[in-house]
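Enquirer: Take a look at the following structure, please.
The values are calculated or read from the model by the stated rules, or taken from the named source; none is laboratory data. It should be emphasised that the depicted structure is a prediction, and the values quoted were computed from it without experimental measurement. Cβ coordinates were reconstructed from backbone atoms using ideal geometry, including for glycine residues, and neighbour counts include every protein chain displayed. Please note that ligands, DNA and RNA were not included when accessible areas were found on the heavy atoms of the full protein model with its side chains. Shrake-Rupley method; radii C 1.70, N 1.55, O 1.52, S 1.80 Å.
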Amino acid sequence: MPNSRPNLRDLSLPEIEALFTQKGLPAFRGRQVFRWLSVAGVDSFQQMTDLPKELRRDLEREFSIALPELARQEVSRDGTRKLALRLEDGEIIECVLIPERDHYTLCVSSQVGCAMGCAFCLTGRMGFRRNLSAGEITSQVLKAQEILSSQGLDKKKPLRNLVFMGMGEPLANYEAVIKALNILLYPKGFDFSPRRVTVSTVGLVPQIRRLGQEIRVKLAVSLHAADDQIRTSLVPVNKKYPLEEIIKACKSFPLKRGWRITFEYVLLAGINDSLVQAQRLAKLLRGVPAKINLIPFNEAPSLPFKRPDDKTVLAFQEILMQAGYVATVRQSKGQDIAAACGQLRGVLS
Ligand code: SAH
Ligand code: SF4
């Protein structure tokens, strides 16, 4: 049965404090609740042991703190885990837990589907269904943490990095994403370090500027081409925000010392993988504190593109490195369970 009580997970700390004050309760009770909401495994008010019993009961009557339900978990040969979560209205989202050397990274979704329609992306193909709420975004982190700690996996590799590279365009769901980021960065709560949180965008210029003014997290921009003609054919929103404007916004994006903006570039055979394109990319990014992440296209039967061969990928990378850039090739993980970049589409097949 759908829950009609407002879910407290959708509120920021100031909002919870204001709510408690309005009810004539001290603001610190709100802070206590807010902190409990960042603890994996807590899914009822009864578990909030430092609150008076009566208050727990009152809160329970009025509010929900329900989490999405784990609909399916798939584990890849390389240890990558794809979690499918069922939201209250039945929609399915996916997030991906990726094992790194000494920690896990969680690839988080921000929308059900995506309206941007990039030609090579399965999420784009499913179209836009709806935005996620702030609580639906942070819940992915809690579900992932729950899974890791229930198996003792977080002892060796804690969940430490977040990348907003799952389903959806985070900056097209700006309000919920910024609220979720603030919740996730709160030091006495989830306490993620800003340098370990990356928001990836297709290049929505006004929101890139706003993000830079409102919060300190890392930025990744999905470029995929170094000229407007090719980019528009792959990323339709390039018509609205062409490369020159994206680069301008990146140049004025405030970065902490030593930080760089990551530029993602999906390599598609015969489309954007020529050496001339690599040289153009090097030129385009001159003057930007940049790091380039090349992603050889992950093929899918319904997508009309091919992955370039390794030699082409390495030659493309070499040109960027010779031009002085840090350029890495993403080893897409979890391909055997369709958990790699661009393979999330929220269906339980
Ligand atoms: N909407 C945001 C974040 C989600 S997509 C964005 O576009 O940046 C995360 C990354 O996966 C993007 O760089 C996207 O271009 C890439 N991607 C999408 N489909 C892909 C595919 N089939 N193969 C490889 N990478 C893909
Ligand atoms: Fe949306 Fe990003 Fe996929 Fe483009 S690549 S359709 S912006 S999720």
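Enquirer: Do we find a residue being open to solvent by 30 Å² or more (accessible area, probe 1.4 Å), more than 16 Å from ligand 2 (Cβ to nearest atom) and without any contact (Cβ under 8 Å) to a residue 60 or more places away in the chain anywhere in the range 166-179? Full working, then the answer.
Expert: If we filter the range 166-179 for residues that are open to solvent by 30 Å² or more (accessible area, probe 1.4 Å), which is where we start, we get 172, 175, 179.
Remaining after also requiring more than 16 Å from ligand 2 (Cβ to nearest atom): 175, 179.
Restricting the remaining residues to those that are without any contact (Cβ under 8 Å) to a residue 60 or more places away in the chain gives 175.
Scanning the range 166-179 turns up at least one residue that is open to solvent by 30 Å² or more (accessible area, probe 1.4 Å), more than 16 Å from ligand 2 (Cβ to nearest atom) and without any contact (Cβ under 8 Å) to a residue 60 or more places away in the chain.
Enquirer: Ok, one more. What are the residues in the range 303-349 that are within 12 Å of ligand 1 (Cβ to nearest atom), open to solvent by 30 Å² or more (accessible area, probe 1.4 Å) and in contact with a Lys or Arg (Cβ under 8 Å, 6 or more places away or on another chain), if any?
Expert: Answer for the range 303-349, where residues must be within 12 Å of ligand 1 (Cβ to nearest atom), open to solvent by 30 Å² or more (accessible area, probe 1.4 Å) and in contact with a Lys or Arg (Cβ under 8 Å, 6 or more places away or on another chain): Ala338, Cys341, Arg345.
Enquirer: Give me a count of the residues in the range 109-163 that are open to solvent by 30 Å² or more (accessible area, probe 1.4 Å), within 16 Å of ligand 1 (Cβ to nearest atom) and over 24 Å from Leu219 (Cβ atoms).
Expert: 4
Enquirer: Can you run down the residue pairs with Cβ atoms below 6 Å, 6 or more apart or on separate chains, where the first is in the range 1-15 and modelled with pLDDT of 95 or more and the partner is open to solvent by 70 Å² or more (accessible area, probe 1.4 Å) and in a helix (DSSP H, G or I)?
Expert: Ser12/Asn182
Enquirer: If I go through the range 1-59 residue by residue, how many of them are in contact with an Asp or Glu (Cβ under 7 Å, 6 or more places away or on another chain), over 29 Å from Arg86 (Cβ atoms) and open to solvent by 50 Å² or more (accessible area, probe 1.4 Å)?
Expert: Result for the range 1-59: 1.
Enquirer: For the range 97-152, enumerate the residues that are within 16 Å of ligand 2 (Cβ to nearest atom) and part of a strand (DSSP E or B). Show your work before the answer.
Expert: Step one: list which residues in the range 97-152 are within 16 Å of ligand 2 (Cβ to nearest atom), which gives 107-132, 137, 140.
Within the range 97-152, Cys107, Gln111, Val112, Gly113, Phe128, Arg129, Arg130, Asn131 meet the criteria.
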